[in-house]
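Participant: Structure provided below as structure tokens; questions to follow.
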């Protein structure tokens, strides 16, 4: 079952513009992660934000987390054609010694020259 | 080495066949995952192993049988599959919780399975 809903489902921007994707989830979480997937192959981890954090930065990525609203956003600044991919948020809920990682519906980002 | 290796990359099998998907990692991770992904959909969690023991089974049909023979290997045994089981099967690994809280997952490139 899916924990997160993302919007928009698809986003098309020009190179150099910023891209913002939003994620909403349903239950309390331990952390929230963002992943990128190219062409339906493996996913690549981008950034992790813990439930007690509100904002994190990594290079051109900025992620925010609002646990009161159960929502997160991912901002990619100065986008490049190579950023074209699907982006997924994933909520992590700790159970025993395992982390249950559940993915949202995803945003397909298209960056054109 | 931050790689998760899945074999085979592609698999076509009949509904009466038995096959296995394999996954290997050498990052010292003690949590390993199987996900199923249909086209244009997010990955859906199937199983989680922690310290070589099955921790989470997301009510997956018994025609999918996971196995974790050691801390580096994860298998998914397939038997009597249906055409609707055709999908990309992704393996991932991460630290287990008792070794820290860096729970980001490293994914393999997946096995694209077609059931005919």
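The values are calculated or read from the model by the stated rules, or taken from the named source; none is laboratory data. Keep in mind that this is a model prediction, so the values were computed, not measured. Ideal geometry is used to build each Cβ from the backbone, glycine not excepted, and the neighbour counts take in all protein chains shown.
Participant: State the number of residues belonging to segment B:63-107 that are assigned to a strand (DSSP E or B) and within 8 Å of chain A (Cβ to nearest Cβ). Steps first, answer last, please.
Facilitator: Filtering segment B:63-107 down to residues assigned to a strand (DSSP E or B) leaves B:64-70, B:73-79, B:87-94, B:106-107.
Keeping just the survivors that are within 8 Å of chain A (Cβ to nearest Cβ) gives B:88, B:90, B:92, B:94, B:106-107.
Total meeting the criteria: 6.
Participant: Still on this structure, I have one more. Looking at the structure I just gave you, is residue B:4 crowded, with 18+ Cβ neighbours inside 10 Å, touching a residue at least 60 places away in the same chain (Cβ under 8 Å), facing chain A (nearest Cβ under 10 Å) and within 30 Å of residue A:50 (Cα to Cα)? Outline the logic, then answer.
Facilitator: Values: crowded, with 18+ Cβ neighbours inside 10 Å: yes; touching a residue at least 60 places away in the same chain (Cβ under 8 Å): yes; facing chain A (nearest Cβ under 10 Å): yes; within 30 Å of residue A:50 (Cα to Cα): yes.
So residue B:4 fits the description; yes.
Participant: Which of (1) over 30 Å from residue B:52 (Cβ atoms); (2) in a strand (DSSP E or B) is the odd one out, the single condition residue A:82 does not satisfy?
Facilitator: Status for residue A:82: all satisfied but (2).
Participant: Determine whether residue A:71 is under 20 Å from residue A:7 (Cα atoms) and either touching a helix residue (DSSP H, G or I) at 6+ places or on another chain (Cβ under 6 Å) or more than 11 Å from chain B (Cβ to nearest Cβ) (or both).
Facilitator: Numbers: under 20 Å from residue A:7 (Cα atoms): yes; either touching a helix residue (DSSP H, G or I) at 6+ places or on another chain (Cβ under 6 Å) or more than 11 Å from chain B (Cβ to nearest Cβ) (or both): yes.
It is true that residue A:71 is under 20 Å from residue A:7 (Cα atoms) and either touching a helix residue (DSSP H, G or I) at 6+ places or on another chain (Cβ under 6 Å) or more than 11 Å from chain B (Cβ to nearest Cβ) (or both).
Participant: Also: List the number of the failed condition for residue B:60; all other conditions in (1) under 13 Å from the mean Cα position of the chain (by Cα); (2) away from chain A (no Cβ under 14 Å); (3) in a loop (DSSP other than H, G, I, E, B) hold.
Facilitator: Looking at each condition in turn, residue B:60 falls short on (2).
Participant: Picking from A:47, A:13, which residue would you name as being modelled with pLDDT of 95 or more, more than 8 Å from chain B (Cβ to nearest Cβ) and within 22 Å of residue B:97 (Cα to Cα)?
Facilitator: A:47
Participant: While we're on this one: Among the numbered conditions (1) closer than 17 Å to residue A:35 by Cβ; (2) more than 8 Å from every other protein chain (Cβ to nearest Cβ), tell me where residue B:110 comes up short.
Facilitator: The failed condition is (2).
Participant: Right, something else. So residue B:22 passes all but one of these: (1) part of a loop (DSSP other than H, G, I, E, B); (2) at pLDDT 95 or above; (3) surrounded by fewer than 20 Cβ atoms within 10 Å (Cβ to Cβ); (4) touching a strand residue (DSSP E or B) at 6+ places or on another chain (Cβ under 8 Å). Which condition number does it fail?
Facilitator: The one condition residue B:22 does not meet is (1).
Participant: Residue A:92: in a strand (DSSP E or B) and either within 14 Å of chain B (Cβ to nearest Cβ) or surrounded by fewer than 21 Cβ atoms within 10 Å (Cβ to Cβ) (or both), yes or no?
Facilitator: yes
Participant: Between residues in segment B:46-72 that are over 14 Å from residue B:31 (Cα atoms) and residues that are surrounded by 15 or more Cβ atoms within 10 Å (Cβ to Cβ), which pairs lie under 6 Å by C-beta distance while being six or more apart or on different chains?
Facilitator: B:58/B:45; B:58/B:46; B:60/B:46; B:63/B:79; B:63/B:81
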